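Single-structure report; data block below.
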């Protein structure tokens, strides 16, 4: 049901769409790209989707004792928003000819 256009009484009128699908989960619309000083793996030149600190350390060569910049960034991002979609791009090493 839509709001009729001939209503002239001052008030608040709302229209609610009851036909929309409800999943119970918020949409993940937050996409973040971090560019770090960590060395990008040689197998790719595209940003890598990272989901947690352990994966960032494994991908960019860090350890639990000496975490990478990427792992510190993903930790801060997840602490701020648990459903964030993070991609990380490290620097590539120059190719010697």
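Would you pick out the residues in the range 48-83 that are crowded, with 16+ Cβ neighbours inside 10 Å, part of a loop (DSSP other than H, G, I, E, B) and either touching a strand residue (DSSP E or B) at 6+ places or on another chain (Cβ under 7 Å) or in contact (Cβ under 8 Å) with a residue 40 or more places away in the chain (or both)?
Scanning the range 48-83 gives a single hit, 68.
Among the residues of the range 58-75 satisfying the criterion of being within 17 Å of residue 92 (Cα to Cα) and in contact with a helix residue (DSSP H, G or I) (Cβ under 6 Å, 6 or more places away or on another chain), which is modelled with the lowest pLDDT?
Looking at the filtered set, the residue picked out is 62.
So that you can scan it fast, the table gives a plain yes or no per residue for (1) in contact with a helix residue (DSSP H, G or I) (Cβ under 7 Å, 6 or more places away or on another chain); (2) under 30 Å from residue 69 (Cα atoms); (3) modelled with pLDDT of 70 or more:
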{"position": "4", "(1), (2), (3)": "no, no, no"}
{"position": "20", "(1), (2), (3)": "no, no, no"}
{"position": "25", "(1), (2), (3)": "no, no, no"}
{"position": "29", "(1), (2), (3)": "no, yes, yes"}
{"position": "37", "(1), (2), (3)": "yes, yes, yes"}
{"position": "41", "(1), (2), (3)": "yes, yes, yes"}
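The values are calculated or read from the model by the stated rules, or taken from the named source; none is laboratory data. From a predicted model like this one, the values you see are computed outputs, not experimental measurements. Every residue, glycine as well, gets a Cβ built from its backbone with ideal geometry; the counts of neighbours run over all protein chains shown.
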